[in-house]
1. Ordered by packing density, taken as the mean number of other Cβ atoms within 10 Å over each peptide's residues, highest first, how do 137-146, 63-72 rank?
2. Considering only Thr25, Leu11, Cys67, whose Cα is most displaced toward the positive end of the charge dipole of segment 4-90, charges sitting on Cβ of Lys, Arg (+1) and Asp, Glu (-1)?
3. Where does each of Glu42, Glu132 land when they are ranked from fewest to most other beta-carbon atoms within 10 angstrom?
4. Among Lys88/Lys131; Lys131/Lys167; Lys79/Lys162; Lys88/Lys137, which pairs are too far apart, with a Cα-Cα distance over 19 Å?
Amino acid sequence: MCHAVDFLKGLKENDRKIIDKLKITIFPMLISWMQDRQGVLEDTEDIFNDAILIVLNKIRNNSLTLCCEFPTFFIAICKNLWRQKLRKKSQMPIANNIVIEELSDTPYDSTKDIKHQIYLSVFDRLDPRCKELIKLKTENRSNAEIAKIMGFKNAQAVADKKKSCMKKIAKEIAKSKEYKEFKDEL
């Protein structure tokens, strides 16, 4: 087993042997963990590569602090990246197989803009309680935190209300004039 210093030095120097050793050591566990959480092989490869880039950036910026074995640290990065991706997916309302996505800094895509506008118009018509709950969820607040802020009985009540709000959004999107026009254009 390599020591953390060996992994860090190898990654910094782009040493293929160290990267291969890291992949042999971690990848099988990561595949298994991600498959249990809706991931496929391509997702695992993407997450693994993203984690390498994060570690490299931390090495280059001298901001890497290890408080555990390197493989444990690396796996934690991978798990956090996958959870973030899943969280982002779960926050995207779906209406008749169209995912309403956030606008990003990628090149302009008119379909994304249209989807976003449809989502915003429906979101604006939601009852204030649903709006507040969804805004808090997009801030990555926990259900327990939201329960305290909004006066819900418990975290499960928040989860139930969120599900109800998301169903309302999907239903309203599906019956909106803008969505019907957009769907006809596709």
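Values quoted throughout were computed directly from the atomic coordinates according to the rules given, and no laboratory measurement underlies them. Note that the structure is predicted; figures quoted are calculated from it, not measured. So basically every Cβ, Gly included, is an ideal-geometry build from the backbone, and we count neighbours across all protein chains shown.
1. On the way: 137-146: 15.0, 63-72: 12.5.
So the order, starting with the most tightly packed, is 137-146, 63-72.
2. Cys67
3. On the way: Glu42 8, Glu132 15.
By the 10 Å Cβ count, ascending, the order reads Glu42, Glu132.
4. Details: Lys88/Lys131 17 Å; Lys131/Lys167 13 Å; Lys79/Lys162 25 Å; Lys88/Lys137 10 Å.
Over 19 Å Cα-Cα: Lys79/Lys162.
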